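No value in this document is a laboratory result; all are computed from the given coordinates. These numbers were taken from a predicted model, which means no experiment stands behind them. Cβ sites come from the backbone with ideal geometry, for glycine too, and all protein chains shown count toward neighbours.
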Amino acid sequence: MKLKRKVIRNGLLRGGILLIIMGIGTYFTYKSGDLKQFRMMVAITVISASVSGFSALYDYDVWSVKKKITLHTIAMLFTVYPALLYSGWFDTSKISGYFIALASFAGVGIVLASIGYLVSKYILKNIPEEK
């Protein structure tokens with residue numbers, strides 16, 4: 001239970017610090033009156049804070065890599081995907097805009113997860129061999 005609290009605390013700290021820093025920039029964008037830029041900044045703030053916060057999952061070897069990636073993907077689906085839809089980067093007036101956003105989300109996620117896995121396994125060598 002202590003480790004679970006530690007992971008949650010570290011995740012909230014990482015995400016919270018970034019949320020505050022990015023939130024300040026987002027606030028000033030809002031004050032400038034540029035609604036389009038503001039929506040993009042909100043999306044960037046949510047995406048960066050959630051990715052940063054949930055990266056704490058990978059600091060502790062309590063769960064398998066597969067379980068960590070699954071949990072991280074679910075968390076990103078509930079934070080990053082809505083932020084992408086809100087950002088204005090995709091045409092959400094049509095159903096195809098939602099699918100294009102989802103495909104972008106999945107594509108970028110697969111590429112970044114693959115890079116992270118390869119770096120962890122072959123460069124950092126901190127992923128144990130499966131038996």
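Details
- Beyond 32 Å in Cα-Cα separation lie the following of the pairs Lys6/Lys121; Lys2/Lys125; Lys2/Lys121; Lys66/Lys94; Lys2/Lys36: Lys66/Lys94; Lys2/Lys36.
- One decimal place: the segment Gln37-Tyr86 gains 16.5 nm when fully extended, by the rule 0.36 nm per residue minus the C-alpha distance.
- Once the chain from Ala103 to Asp61 is taken as fully extended at 0.36 nm per residue, the excess over their C-alpha distance is 12.1 nm.
- Fully extending the segment from Leu118 to Lys2 would add 38.8 nm, taking 0.36 nm per residue of separation and subtracting the current Cα-Cα distance.
- Cα gyration tensor shape of segment 14-131, rounded if a/c is under 1.5, else prolate or oblate by comparing a/b with b/c: oblate
- For the chain, the relative contact order is 23 percent, taking Cα pairs closer than 8 Å that sit 6 or more residues apart in sequence and dividing their mean separation by the residue count.
- Nearest-20 debye value, the chain charge dipole, Cβ charges on Lys, Arg, Asp, Glu: 460 debye
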